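Presented below is the structure to which this report refers.
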Amino acid sequence: MRAEDCPVLSTTPVDGRLAYAEGVFVGYRAWERAGTRPRYPFGHGLGYTTWAYESMSVRGCEATITVRNTGKHAGREIVQVYLAPMGDDPRRPRRRLAGFAAVTAEPGRAATVTVELPERAFQIWDGGWRTITGGYLVEAGRSVADRPLSAELTLP
């Protein structure tokens with residue numbers, strides 16, 4: 001998709017008007033839809049240490065993630081959890097932020113956090129909120145562009 005074809009990436013008024021036709025495809029959702037990468041992806045942060053994403057388990061509507069501080073300094077990390085519907089639906093973004101949580105750890109230490117996947121993360125607006133059942137990929141990482149952990153979840 002070309003930037004000109006994506007309303008969020010094309011901000012040139014036509015006949016003095018700027019159409020807001022992007023719907024739910026704003027921010028990182030628009031960049032993914034257009035197949036382009038911004039310089040700093042959504043969720044990108046800076047810190048004084050590094051982190052390894054070690055494991056994730058999904059039970060019901062909760063994701064439990066373990067990360068380890070692999071740097072030389074104590075630090076804080078925002079663990080982000082995204083939901084990606086299995087299958088292609090042009091009305092829905094490829095993925096959406098479902099939840100996040102902060103962890104802190106000393107060098108070499110691991111921290112585990114549980115992030116709730118709220119019902120709204122599985123819903124779309126269709127004249128009212130409607131839950132979309134089926135398969136989802138649950139992804140965890142430090143930004144929308146860096147999601148090293150994933151697990152499948154089926155919503156009945």
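Readers should treat all values here as calculations from the given coordinates under stated rules, not as data from a laboratory. These numbers come from a predicted model, not from an experiment. Cβ placement follows ideal geometry from the backbone for every residue including glycine, while neighbour counts extend to all protein chains displayed.
Key figures for this structure:
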{"quantity": "Most positive-pole-ward Cα, A121, G75, A102, against dipole of the range 48-149 from beta carbon charges", "calculated": "G75"}
{"quantity": "Value of [θ]222 nm, deg cm²/dmol, for the chain, DSSP H segments ≥ 4, -39500 (n - 2.57) each, nearest 500", "calculated": "-1000 deg cm²/dmol"}
{"quantity": "Whether the chain is rounded, prolate or oblate, judged on the alpha carbon gyration tensor where a/c under 1.5 counts as rounded", "calculated": "oblate"}
{"quantity": "Among L83, L97, L18: highest mean-square fluctuation, GNM of the chain, C-alpha pairs under 10 Å", "calculated": "L18"}
{"quantity": "Cα-centred dipole magnitude for the chain, charges only on beta-carbon of K, R (+1) and D, E (-1), debye, nearest 20", "calculated": "300"}
{"quantity": "Farthest toward positive dipole pole in the chain [+1 Lys/Arg, -1 Asp/Glu at C-beta], among G45, L149, Y20", "calculated": "G45"}
